[in-house]
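J.: Just passing along the structure, written as structure tokens.
The values are calculated or read from the model by the stated rules, or taken from the named source; none is laboratory data. Predicted model, so just to flag it, every value in this text is computed and none were measured. FYI the Cβ positions are ideal-geometry reconstructions off the backbone, even for glycines, and counts take in every protein chain you see. Surface areas here come from the heavy atoms of the whole protein model, side chains and all, with no ligands, DNA or RNA. Shrake-Rupley method; radii C 1.70, N 1.55, O 1.52, S 1.80 Å.
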Amino acid sequence: MACERTLSILKPDATARNITGKINAKFEEAGLRIVAQRRTRVTREEAEQFYAIHKERPFFADLCSFMSSGPVVAQVLEGEGAIKKHRDIMGATNPKEAAPGTIRAEFSLSIDENTVHGSDSAETAAEEIRFFFRETEIVG
Ligand code: ATP
Ligand code: MG
């Protein structure tokens, strides 16, 4: 399997509860390397742009409010099959359906406050990485 990069975001519920290190430990234990990382705050407009694919969905407004409600940690993860591996470690979108041991099963509060975002394809990964990072900020 090819070495890939994916965009991960530790969402405001993760920074609020000071559990970003516990989450990063899970990524590193699974062999993913954090090759870029920045704590930041996204504006509502940036959240709307980032999640534009969901703009017709009923949860869009709540999602954008939540993502701009507090600090996030944006990061680029690198490793063999990183996109799928990261999503496997995240678990299902709804924490009630997430497999035991996944981040969402262990830490998430609800389908809204579900702790982590991960790119879902090679195309979205490239686009989402560009949204947060310049190439020179990614050090593999
Ligand atoms: P993310 O894109 O954040 O990594 P995901 O790919 O598992 O999560 P998506 O379908 O892309 O899930 O939805 C984006 C986000 O919108 C979810 O993480 C969740 O917070 C929210 N969301 C998705 N479906 C629902 C829903 N049915 N009700 C409320 N919120 C939802
Ligand atoms: Mg998604």
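J.: Using a 1.4 Å probe and ignoring any ligands, DNA or RNA, find the accessible area of I83 and quote it in Å² to the nearest 10.
T.: Its heavy atoms expose roughly 20 Å² to the probe.
J.: May I ask for the net charge around I111, where only other residues with Cβ less than 15 Å from the Cβ of I111 are counted and Lys, Arg are +1 while Asp, Glu are -1?
T.: On the way: positive: K11, R57, K96, R104; negative: D13, D62, E97, D112, E113.
Surrounding charge for I111 is -1.
J.: Accessible area of the chain with a 1.4 Å probe: how many percent of it is carbon plus sulfur? If you can, show how the numbers build up before the last one.
T.: Values: 3740 of 7560 Å².
With neighbouring chains kept in place, the figure for the chain is 50 percent.
J.: How many nm is it between the label spots at I19 and R134, if each spot is 7 Å from the Cα in line with the beta carbon?
T.: Result: 3.5 nm between the two label points.
J.: Another one. On average, how much accessible surface per residue is there in the chain, in Å², for a 1.4 Å probe, leaving out ligands, DNA and RNA? Write down the numbers at each step before the final one.
T.: Working: 7560 Å² over 140 residues.
The answer is 54 Å² per residue.
J.: What is the sum of charges, Lys and Arg at +1 and Asp and Glu at -1, for the other residues whose Cβ falls under 10 Å from the Cβ of K11?
T.: Numbers: positive: none; negative: D13, D112, E113.
Net charge around K11: -3.
J.: Also, quick follow-up: In what order, largest first, do K55, K26, K96 sit by accessible area if the probe radius is 1.4 Å?
T.: Values: K55 125, K26 40, K96 185 Å².
Order by accessible area, largest first: K96, K55, K26.
J.: Right, another one. Arrange the residues R134, R57, R17 by how much accessible surface each exposes, largest first, with a 1.4 angstrom probe. Show your work: numbers first, answer last.
T.: On the way: R134 165, R57 115, R17 85 Å².
Of R134, R57, R17, the descending order of accessible area is R134, R57, R17.
J.: Tell me, what is a quarter of the convex hull surface for the C-alpha atoms of the chain, in nm² with one decimal?
T.: If you wrap the Cα atoms of the chain in a convex hull and average its projections, you get 7.9 nm².
J.: Lys and Arg at +1, Asp and Glu at -1: add these up for the other residues within a Cβ distance under 14 Å of L32 and post the number.
T.: Result for the neighbourhood of L32: 0.
J.: Go ahead and set up a Gaussian network model of the chain, Cα springs under 10 Å, then flag whichever of P100, P58, P12 fluctuates most.
T.: P58
J.: Here is a further query. If the elastic network links every pair of Cα atoms under 10 Å, which of N18, N94, N114 fluctuates the most in the Gaussian network model of the chain?
T.: Most flexible of the set in this elastic network: N18.
J.: Treating the range 19-75 as a set of equal point scatterers at the Cα positions, no solvent, please give the Debye-formula log₁₀ I(q)/I(0) at q = 0.15, 0.21, 0.23 Å⁻¹.
T.: Normalising to I(0) and taking log10 leaves -0.56, -0.84, -0.89.
J.: Only sites in a loop by DSSP and with at most 13 other Cβ atoms within 10 Å count here; which GluC sites (Glu not before Pro) in the range 24-89 make the cut?
T.: Listed in order of number, the matching sites are E56.
J.: Rank S108, S121, S68 by mean-square fluctuation in a GNM of the chain with C-alpha springs under 10 angstrom and give only the top-ranked residue.
T.: S121
J.: What is the list of residues in the range 62-83 whose amide nitrogen lies under 19 Å from a point 7 angstrom out from the Cα of N94, following Cα to Cβ?
T.: 62-63
J.: Run the helix sum for the chain: -39,500 (n - 2.57) per DSSP H stretch of 4+ residues, divided by residue count, reported at 222 nm to the nearest 500 deg cm²/dmol. Could the numbers behind the result be given before it?
T.: Numbers: 7 runs with 55 residues, N = 140.
Roughly -10500 deg cm²/dmol at 222 nm, from the helical runs in the chain.
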